[in-house]
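Novice: I have a structure here, written as structure tokens, and I will follow up with some questions on it.
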Amino acid sequence: MELNIQSNISLKPFNTFGIEEKTNYLIEVNDNETLTEIFKQGLFTKNFFVLGAGSNVLFTKPFDGYIIRMTSKGIQSKVESDDVYVTAKAGEIWNDFVWHCIRNNYAGIENMALIPGTVGASPVQNIGAYGTELMYVFHSCEAFDTQLGTFKIFKKEDCDFSYRDSIFKTAHKGRFIITEVTYKLSLTPQINTSYGAIEAELLKENITTPSIADIATIVSKIRVEKLPDPSTVGNAGSFFKNPVIDADTFERLLGLYPTIPHYPMPGQQTKLAAGWLIEQCGWKGKDYGQAGVWKNQALVLINRQHASGQEIYDLSVQIINDVQDKFGITLEREVNLL
Ligand code: FAD
Ligand code: EPU
């Protein structure tokens, strides 16, 4: 098999920040044979990076190596009584997949409508939004081992899922390429309106018994109001994770800031809203050269037009320092830096 290796390629169309950097080489992967061929040619021993839709990455310099871009397509489903196992190839666009499921009345991912990116990336940071996370519907995935050249199945219990985290970001970082994901969905919807903003919209629109399509439509509406559209304003969603802190730290902060937004987590921990912390430091809506902080959501850093990745990175350092000084909390980046 011959590989189609493109050289000296601009990455601008392949990252939602719209950063202009180049890669030496780019290979599009439509099928598993291509991965086996890349392995045979020894290219996984060189510097490489797997890219889906580039909606959670920040390129801060030219990429010196091989970008492996996942573009494989295909969806299959198997019904077993009330459950449906839906398998999608890594390059399927997540939101298209969500709506494919909704059209077929497969319930469980409607609250995650309009999250940008691909199916293949969905387990990597255990994507989540509006009251749910991928781990609740993940069944298994197939992944290519770039060290051994073999395919392996990961079951849910193998993945170490937690808030914005999985084994693909920790112990196995950079080693496995997810080729397809199987989700366990349901033919009997369990409507989840636990996120306050969804309840408020349902009331406003006078919807008393929402369908899964209603939920996806409402979530999409809320998202469009809060988050910038990457096709007009470059961004990668939340730049930082919401910090999860222990009980003592929380008590200290609550004493100082009685209105601090917070959410209970397992193990006596508390999740704080990083957007609130950043807003309190005065960053919301602020420009920083060609970079900036989004006016409607302080957790989102933006490329105002011609920002370099380095400029956005520098802004993130300023924000981390300010939040550290004011609250004694160290923000962690959600976005993958390159
Ligand atoms: P990329 O950005 O291309 O890659 C992300 C990481 O996954 C990289 O480390 C990459 O190497 C790895 N990766 C990608 N594909 C594979 C693969 N097939 N196998 C192995 N590793 C792979 N995220 C949320 O969780 N919730 C949200 O609500 C949310 N909202 C967002 C809103 C906006 C406007 C934007 C721009 C982003 C948002 N994000 C959100 C972040 C982003 O949508 C997710 O992280 C998404 O899963 C990234 O998918 P991607 O295909 O673009 O991955
Ligand atoms: N807030 C502020 N100011 C801001 C932004 C937020 O005060 O500028 C406070 C408000 O109190 C608000 C609370 O933060 O009620 C929560 O805000 P929001 O509902 O917008 O959610 P978030 O915690 O900022 C998280 C995810 C998003 C996800 C939404 C909805 C993380 C890092 N981010 O944001 O995911 O869409 O919840 O579930 O967990 C992403 O990961 O890229 C992403 C966009």
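Novice: Lys and Arg at +1, Asp and Glu at -1: add these up for the other residues within a Cβ distance under 15 Å of residue 303 and post the number.
Specialist: Result for the neighbourhood of residue 303: -2.
Novice: Mind checking the dipole of region 75-186: about its Cα centre, +1 per Lys or Arg Cβ, -1 per Asp or Glu Cβ, Debye to the nearest 20?
Specialist: 260 debye
Novice: Residue 326 versus residue 249, label points 7 Å from Cα toward the beta carbon: distance in nm?
Specialist: About 1.7 nm, to one decimal.
Novice: To the nearest 20 debye, what charge dipole does region 234-337 have about its Cα centre, counting +1 at the Cβ of each Lys and Arg and -1 at the Cβ of each Asp and Glu? Kindly include the intermediate steps, with their values, before the conclusion.
Specialist: On the way: 9 positive and 11 negative charges, 58 e Å.
That gives a dipole near 280 debye.
Novice: Next up: If the cut-off is 15 Å between C-alpha atoms, which aspartates and glutamates fall inside it for residue 152, apart from same-chain ones fewer than 8 positions away?
Specialist: Within the straight-line limit of under 15 Å, residue 152 reaches these aspartates and glutamates: 33, 142, 180.
Novice: Around residue 24, what is the net charge, scoring Lys/Arg as +1 and Asp/Glu as -1 over all other residues with Cβ under 10 Å from its Cβ?
Specialist: Charge balance in the 10 Å sphere: +1.
Novice: Please compute the net charge surrounding residue 286, taking Lys and Arg as +1 and Asp and Glu as -1 over other residues with Cβ under 12 Å from its Cβ.
Specialist: Overall, the nearby charge balance is 0.
Novice: At 222 nm, what value in deg cm²/dmol follows for the chain if DSSP H runs of at least 4 each add -39500 (n - 2.57) and the sum is divided by all its residues, to the nearest 500?
Specialist: Working: 7 runs with 79 residues, N = 338.
Only helices count here, giving -7000 deg cm²/dmol.
Novice: Right, something else. Measuring with a 1.4 Å probe in the full set of protein chains, what accessible area per residue, in whole Å², belongs to the chain?
Specialist: On the way: 15850 Å² over 338 residues.
On a per-residue basis, the chain sits at 47 Å².
Novice: Compute the length gained on full extension between residue 169 and residue 306: take 0.36 nm times their separation in residues and subtract their Cα-Cα distance, giving the result in nm to one decimal.
Specialist: 46.4 nm
Novice: OK, next. Report, to the nearest whole %, how much of the accessible area of the chain belongs to carbon and sulfur atoms, 1.4 Å probe, protein only.
Specialist: Carbon with sulfur: 48 percent of the solvent-accessible area.
Novice: Using DSSP to call loops (not H, G, I, E or B), can you name the trypsin sites (Lys or Arg not before Pro) in region 19-70 whose Cβ has at most 16 other Cβ atoms within 10 angstrom?
Specialist: Numbers: sites: 22, 40, 46, 69; in loops: 46.
Hits after loop and neighbour filter: 46.
The values are calculated or read from the model by the stated rules, or taken from the named source; none is laboratory data. Just so it is clear, the model here is predicted, and its values are computed rather than measured. A quick note on method: Cβ atoms are made from the backbone with ideal geometry, for glycine too, and the neighbour counts reach across all protein chains shown. Only protein heavy atoms, including side chains, enter the accessible area calculation; ligands, DNA and RNA are left aside. Shrake-Rupley method; radii C 1.70, N 1.55, O 1.52, S 1.80 Å.
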